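Take a look at the structure below.
The values are calculated or read from the model by the stated rules, or taken from the named source; none is laboratory data. Since the structure is predicted, the reported quantities are computational estimates derived from the model, not experimental observations. Cβ: placed from backbone, ideal geometry, glycine included. Neighbour counts: every protein chain shown.
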Amino acid sequence: MSQLKPKLFSTLQDYTKEQLIADCTSGVIVAIIALPLSIALAIASGVTPEKGLHTAIIAGFLISLLGGSRVQIGGPTGAFMVIVYGIVMEFGVDGLIIATIMAGLMMILMGVLRLGNMIKFIPYPITTGFTSGIALVIFSSQMKDLFGLQIAEVPIEFIGKWQAYFGAIGSVDWTTMGIGLLALLIIIGWPKVNQKVPGAFVALVVTSFIVQMFHLDIATIGSKFGVLSSSLPSLQLPELSIDKIRLLIGPAFTIAILGSVESLLSAVVSDGMIGGKHRSNMELIAQGVANIASGLFGGIPATGAIARTVANIKNGGRTPVAGMVHALVLLLILVLFMPLAQMVPLTTLAAILIMVAVNMSEWREFQAILRTPKSDVLVLLTTFSITVLVDLVQAIEVGIVLAAFLFVKRMADVSEVQIGAIDAAEELDGEDGSAYEKSSERRSKAPGIQVYEINGPFFFGAADKFIEALNGLGYHTDGLIIGMKNVPAMDATALQAFKRMLKMCEAHHIEVFVSGVGPQPMQVLKRAGIMDLMGEERFFADLDDALLHVKTQFPKAC
């Protein structure tokens, strides 16, 4: 049960005043980092700026309160921007609320079923492919605001976006572009001046001040969204229908998987930085609860944010208190200073999101995978291409299916069935216990005895090799030994092939013996009644014992 215990309760047992000060300091700094990001991500996701703060406050607090990591900071992230925007465009805000709540329920279920450790089995080329793809989509979506292009409606499709951009290149607003590039320069260069205050916050303040001071005619949050509300979020219950739920299952599943992967990846990274160990299943439950709460109060999906979590660690945060303080500081900003956000230029938010895209692009990892086996490259490029050109949901589905098929092929390639006629009168040769002799001279000494040794997983991808080997079984064979010493696992398809082998041998009066069966294959054979059917006396610990028995059973053949 300790795996389903929030980390907060463990860290408070030896909590000190010094750590409280460090957590509070870190929480304030992380809140300053989260402020512009939350607003920018909300706008880019197709919802109002307040929704980003509502998400960071509600989900961020609950993720820290209930989570399985000491230092995880939760909130809206760039990974969700693409799918959230698509849901809002197709199903409206009600659809987004339903999808977010459904994703939260899925994440809770995954945590309760102890699937936290299973998430890590999603292949790295898939996560890199869709993360890099999302980064490119985010980058592409910010060109209109960065350059002040006069485009009535930017197409959703990637290629359509760029066609619209090039078509409107003559409408670039040079003042807007100048403020946007200034914001980019500040974000990139500010860390060389000060590591504590985030560059995105400095860019936001400086560019907003310039625009207001000189009365520049530049689009701002206020000019696009009007007066921003500083009131607390209220409970929003969407109109449910079976059709909506059915249509949103796919997007909700993508949110759940993407949120789970990103949050657990963030937790693993933070573990390495502080020498800790997170509770993955509790983290999933916390993420699920946070997303349900965020959805009910009109927020957007949330997950563990790697950049904010790292910033928390670097500024001294070591317990979930820091994440809770970060949420409370954002709440204070919402209540007292939200109207000031109206002065922020949209081009500045575009610059912030462009840097988010650059930081999450993982281009170094992308390049590294291009030098790996071709199957991994295929998964990477397929996932990346579908993410950019088609849809994130389909990218994950196709990526996982493709990776699974390629994995099956790899396992089938390393699984083999070796066949050999054995001279049962001879002693076993070789340190590894191999009893095979390739020469025709040895084969002629025992024409009635065959040994089929299976090497590697005996599963549906390798069962056909076993069947093909059986087709070569001679009619004059008296005894068959199935060597399974090197079989770690066996599945239902392999079991069916094994049964076919028994029927074939029974029809041709061939005695069958089995040697070296491991724990898992033995359990499969017992449950299927194969051991009772054949008799325990036909199962041997190793090939040596089986050969000694065959020597007695078929003395003429030996």
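Taking region 233-247 as the range and being touching a residue at least 40 places away in the same chain (Cβ under 8 Å) and either outside any loop (DSSP other than H, G, I, E, B) or surrounded by 16 or more Cβ atoms within 10 Å (Cβ to Cβ) (or both) as the test, the residues that pass are 233, 238, 244, 245, 247. Listed by first and then second residue, the pairs with beta-carbon distance under 9 Å, at least 6 apart or on different chains, first residue in region 45-71 and within 14 Å of residue 333 (Cβ to Cβ) and touching a residue at least 24 places away in the same chain (Cβ under 8 Å), second among the charged types (D, E, K, R) and assigned to a helix (DSSP H, G or I), are 60/308. Filtering region 1-28 to residues that are among the β-branched types (Val, Ile, Thr) and under 15 Å from residue 72 (Cβ atoms) leaves only 11. The requirement of being within 27 Å of residue 391 (Cβ to Cβ) and in a loop (DSSP other than H, G, I, E, B) is fulfilled nowhere in region 186-198; no residue meets it.
Of the residues making up region 251-265, none is closer than 30 Å to residue 150 by Cα and either surrounded by fewer than 21 Cβ atoms within 10 Å (Cβ to Cβ) or in contact (Cβ under 8 Å) with a residue 60 or more places away in the chain (or both). For first residues located in region 516-545 and assigned to a helix (DSSP H, G or I) and surrounded by 14 or more Cβ atoms within 10 Å (Cβ to Cβ), partners that are modelled with pLDDT of 90 or more and polar (S, T, N, Q) and lie 6+ apart or on another chain with Cβ distances below 6 Å form the pairs 543/515. How about region 266-280: which of its residues are assigned to a helix (DSSP H, G or I) and surrounded by 21 or more Cβ atoms within 10 Å (Cβ to Cβ)? 266, 267, 270, 280, listed by residue number. When residue 61 is tested against (1) at pLDDT 95 or above; (2) under 30 Å from residue 337 (Cβ atoms); (3) surrounded by 24 or more Cβ atoms within 10 Å (Cβ to Cβ), exactly one condition is not met: (3).
Among all residues of region 361-371, there is at least one that is touching a residue at least 40 places away in the same chain (Cβ under 8 Å), within 24 Å of residue 180 (Cα to Cα) and of a type in the set (Gly, Ala, Ser). All of 87, 83, 126, 101 fail the test of being surrounded by 17 or more Cβ atoms within 10 Å (Cβ to Cβ), at pLDDT 95 or above and either part of a helix (DSSP H, G or I) or among the acidic types (Asp, Glu) (or both), apart from 101.
Condition check for residue 498 on (1) over 30 Å from residue 408 (Cα atoms); (2) modelled with pLDDT of 90 or more: one failure, at (1).
Scanning region 271-312 for residues that are within 19 Å of residue 9 (Cα to Cα) and hydrophobic (A, V, I, L, M, F, W, C) turns up 274, 282, 284, 285, 286, 289, 290. Return yes when residue 335 is more than 30 Å from residue 218 (Cα to Cα) and of a type in the set (Val, Ile, Thr) and no when it is not. No: the conditions fail for residue 335. Of the candidates 344, 325, 321, the single residue that is in contact with a Cys (Cβ under 9 Å, 6 or more places away or on another chain), over 24 Å from residue 3 (Cα atoms), assigned by TED's automatic domain parsing to the domain that holds residue 200 and surrounded by 17 or more Cβ atoms within 10 Å (Cβ to Cβ) is 325. Residues in region 196-217: is at least one of a type in the set (Asp, Glu), over 14 Å from residue 352 (Cβ atoms) and surrounded by fewer than 17 Cβ atoms within 10 Å (Cβ to Cβ)? Within region 196-217 (the criterion being of a type in the set (Asp, Glu), over 14 Å from residue 352 (Cβ atoms) and surrounded by fewer than 17 Cβ atoms within 10 Å (Cβ to Cβ)), the answer is yes, since at least one residue qualifies. Starting from residues that are among the aliphatic types (A, V, I, L, M) and part of a loop (DSSP other than H, G, I, E, B), keep the ones in region 104-123 and report whichever is modelled with the highest pLDDT. Ranking the candidates gives 113 first. On the stretch given as region 37-52, residues that are surrounded by 24 or more Cβ atoms within 10 Å (Cβ to Cβ) and either of a type in the set (Val, Ile, Thr) or under 12 Å from residue 77 (Cα atoms) (or both) total 9.
Put simply, of 230, 294, 223 the only residue that is buried (at least 16 other Cβ atoms within 10 Å of the Cβ) and at pLDDT below 95 is 230. If the condition is being over 21 Å from residue 70 (Cβ atoms), among the β-branched types (Val, Ile, Thr) and either touching an Asp or Glu at 6+ places or on another chain (Cβ under 6 Å) or part of a helix (DSSP H, G or I) (or both), then region 283-312 contributes only 292.
For region 12-32, residues that are in contact (Cβ under 8 Å) with a residue 12 or more places away in the chain and outside any helix (DSSP H, G or I) total 1.
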